[in-house]
Ligand SMILES: [Zn+2]
């Protein structure tokens with residue numbers, strides 16, 4: 001690591017590695033919770049699945065990563081700047097992060113998991129994130145007609161039975 005990057009910065013970077021309960025993650029969690037989804041943040045899946053997903057929704061076989069735009073290189077994002085100096089340090093580091101994310105995502109998908117990424121910058125517009133989550137979370141696999149429709153169907157059948 002170049003000398004120009006201070007020890008202080010290095011310890012900050014190290015403290016971020018594998019850190020949990022970051023602010024964006026907490027926001028994403030409360031959003032999901034408010035939408036009525038149940039999930040784990042510290043369960044066996046969170047610890048053992050590739051990439052140690054921040055949020056796991058076992059019922060939906062879905063994992064959610066809350067990604068910082070800078071470190072995970074959100075494409076076309078203002079936050080994902082590239083420092084002008086020390087590019088020999090930054091560029092390979094960024095590349096490694098992106099490659100690692102891709103590898104983890106592929107491994108998860110191969111194992112049958114649906115992978116969602118929430119970008120840090122997206123959390124500025126919670127309604128948009130909420131809409132995307134609802135849209136992208138797979139429907140529950142169990143199909144049950146709502147009671148109302150079910151009773152209409154019975155009524156219709158009864159009518160048929162009487163030749164009406
Ligand atoms: Zn972003």
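Okay, here's what the table says:
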read-out	value
Residues satisfying the stated conditions in segment 33-42, i.e. loosely packed, with under 12 Cβ neighbours inside 10 Å and more than 18 Å from residue 131 (Cβ to Cβ)	38, 42
Restricting segment 52-73 to residues that are touching a helix residue (DSSP H, G or I) at 6+ places or on another chain (Cβ under 8 Å) and at positive phi, the residue that is surrounded by the fewest Cβ atoms within 10 Å (Cβ to Cβ)	52
Residues satisfying the stated conditions in segment 124-138, i.e. crowded, with 18+ Cβ neighbours inside 10 Å and within 16 Å of the ligand (Cβ to nearest atom)	129
Of all residues making up segment 74-106, the number that are within 16 Å of the ligand (Cβ to nearest atom), touching a residue at least 12 places away in the same chain (Cβ under 8 Å) and surrounded by fewer than 17 Cβ atoms within 10 Å (Cβ to Cβ)	6
Counted residues, segment 41-73 - those being near the ligand (Cβ under 9 Å from one of its atoms), touching a strand residue (DSSP E or B) at 6+ places or on another chain (Cβ under 8 Å) and outside any helix (DSSP H, G or I)	1
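Where a number appears in this text, it was derived from the coordinates with a stated rule and is not lab data. All of these numbers come straight from a predicted model, not from anything done at the bench. Glycine gets a Cβ as well: all are built from the backbone with ideal geometry, and neighbour counts include every protein chain shown.
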